[in-house]
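Every number in this text was worked out from the coordinates using simple rules, so none of it is lab data. Being a predicted model, the structure only gives us computed values, none of them experimental. Because the Cβ atoms are built from the backbone with ideal geometry, glycine has one as well, and the counts that use them run over all protein chains shown.
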Amino acid sequence: MEVLKFILSFWWLFIIGFIFFSGLFTINQGYVGVITMFGKYQRIALPGLRFKIPLIEQVFSRVSIQNRSVELEFQAVTSDQANVYFKSMLLFSVQNAEEETIKKVAFKFIAEKDLMQALVRTIEGNIRSFVATKKQAEILALRREIVEYVKAEIDQTLETWGYHLQDLQINDITFDKVILDSMSKVVASNNLKAAAENEGQALLITKTKAAEADGNAIKISAEAEKEAARLRGQGVALFRQEVAHGMSEAALQMKQANLDTNVILFSMWTEAIKNFAEYGKGNVIFLDGSSEGMQNTMKQIQALMLKPAGE
C-alpha cells in the first residue's frame, strides 16, 4: 500500500509539473504573441519567456513586426492600348507593436497567404488604374508619379489592416518588342536630328567667325595701307622740301661765286641717269647724247622748275 501511495503521489506531481510547464512559452525578438481564451482574444505577449494558463489559454499567432518584402510582376494597358510590363518590389510592415494594431493584424485575414494576395492585388490594381489614364510614351518618365499615386491610394486601406507601406520600387518597365523597336527608331531619329542641328550650328558659327576674321583682316590691312600712304606722302613731301632747300642753297652759293646755275640742272640730269642705270629694270637706256639733245633736255628741266606749283 505504501508503494502504491508513493507511485500515485509521484504520478500526480508529474501531471501537475507537466501542466505547469506546458503553460510556459517563448516569443522571439521581432514578434508579438496573440493569446486567446476559448477562441476569444485575451491579450498580447511581448518577446521573451511568457506564461499562459495551461489548457485554457492558447497562443493564437505570432505577429511579425519586422519589415517584409515581396516582388511583383504584372501587366497593365495604357490609354493608347499599349501593353506595359512591370517588375517591382514592395516593402511593408506592421504599423507598430501596440495592442490595437496587433489585434487588427492577427484577426483581419484567415492566413498569411490571404493577406499577401489582397496586398498584391491592391497594388497591381492601383498601378493599372493609373497607367490606364496615360499614354505609352509617358510611362517611362512617370516612375515617381506612379509610386506617389499608389502610396496615396493604398495607405488608408493598409491602415485598416494594421500595416504600413514602407516603399514601392519599380525596378523595370518594358513594352512589347514592336513598341520597343519603334521607340528605338524614334530615339535614333531624334538623335540624328539633334546631331544635324548641332553640326549646322557649329558650321554657322565657324563661317561667322571666319567672316569676322576676314573682315577684321581687311579692316586692319586697309588701316595699315592708309597709314602707309600717309607716311609715304609725308616722306615724299619732306624729300621734296629737302631737295628744294638744298637746291636753293646751292643756287645761292653758285650765284655768289659767279657760276652758272644751270650746272645744278645738269647735275640733276646726270644724277637721274645714274639712278636709271642703278635701279631701272630694263637692260637698255636710250639717251640723246648730242649737244642739241642736251640743250633740249636742259630747257625742259628749266621749264619744269619755273612752272608754278598750282598748275
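From the phi of every residue in region 33-47, what ³J(HN,Hα) in whole Hz does the Karplus formula 6.51 cos²θ - 1.76 cosθ + 1.60 yield, where θ is phi - 60° and glycine or proline is x?
x, 10, 9, 10, 10, 6, x, 9, 4, 10, 5, 10, 10, 7, x
Kindly write out, for region 21-29 in residue order, the coupling ³J(HN,Hα) from the Karplus curve 6.51 cos²θ - 1.76 cosθ + 1.60 (θ = phi - 60°), rounded to whole Hz, with x marking Gly and Pro.
5, 5, x, 7, 8, 10, 10, 6, 4
So what are region 17-168's ellipsoid semi-axes, whole angstrom, largest first, if each one is the square root of 5 times an eigenvalue of the alpha-carbon gyration tensor?
42, 13, 12
Taking θ = phi - 60°, what integer Hz values does the Karplus form 6.51 cos²θ - 1.76 cosθ + 1.60 yield along region 82-98, in sequence order, with x for Gly and Pro?
For region 82-98, the Karplus-derived couplings read 9, 7, 10, 10, 10, 10, 9, 10, 10, 10, 9, 7, 5, 4, 6, 9, 6 Hz, x marking Gly and Pro.
Out of residues 5 or more away from Arg50 or on other chains, whose amide H comes under 5 Å of its own, with H placed 1.01 Å from N in the peptide plane?
Excluding prolines and chain starts, which carry no amide H, the hits are Phe25, Thr26, Ile27.
Just subtract the alpha-carbon distance of Arg144 and Ala97 from 0.36 nm times their residue separation and send over the number in nm, one decimal.
13.9 nm
Given a cut-off of 20 Å, name the pairs among Lys52/Lys103; Lys134/Lys193; Lys103/Lys151 whose C-alpha atoms lie farther apart than that in the structure shown.
Pairs exceeding the cut-off: Lys134/Lys193; Lys103/Lys151.
Just to be sure I understand the model, the point goes 7 Å from the Cα along the line to the Cβ. What's the resulting Arg121 to Ile7 distance in nm?
So the two model labels end up 6.1 nm from each other.
Please list the non-local residues whose amide H lies under 5 Å from the amide H of Ala45, H modeled 1.01 Å from N, same-chain partners needing a gap of 5 or more.
Here Gly33, Val34, Ile35 satisfy the definition.
At R0 = 30 Å, how high is the FRET efficiency between Leu46 and Met89 if r is their beta carbon distance? Nearest 0.05 is fine.
Step by step, r from the Cβ atoms, then E = 0.50.
Extension gain Glu227-Gln75, at 0.36 nm per residue separation less the Cα-Cα distance, in nm?
Result: 46.6 nm gained on full extension.
So how far apart, in nm, are the two label points at Ile205 and Lys177 if each is 7 Å from Cα heading toward Cβ?
About 4.3 nm, to one decimal.
Quick one: if you stick a label point 7 Å off each Cα along the C-beta vector at Glu153 and Glu212, how many nm between them?
If labels sit at Glu153 and Glu212, their model points lie 5.6 nm apart.
For the residues Arg144, Arg50, what sequence is obtained by ranking on other C-beta atoms within 10 Å, fewest first?
Going from sparsest to densest Cβ surroundings: Arg144, Arg50.
Using the Cβ atoms and a cut-off under 13 Å, what net charge is assigned to the surroundings of Ile102, where Lys and Arg are +1 and Asp and Glu are -1?
Once all neighbours under 13 Å are counted, the net charge is +2.
Kindly rank 91-98, 34-41, 206-213 from highest to lowest mean number of other beta carbons found within 10 Å of each residue.
Taking the mean over residues of other Cβ atoms within 10 Å, the ranking is 91-98, 34-41, 206-213.
Quick one: net charge of Phe51's neighbours, Cβ under 12 Å, K/R +1, D/E -1?
Charge balance in the 12 Å sphere: +2.
Counting other beta carbons within 10 Å of each Cβ, put Glu99, Glu199 in order, fewest first.
Lowest count first: Glu199, Glu99.
Quick one: net charge around Ser221, please, counting Lys, Arg +1 and Asp, Glu -1 for every other residue with C-beta under 12 Å from its C-beta.
-2
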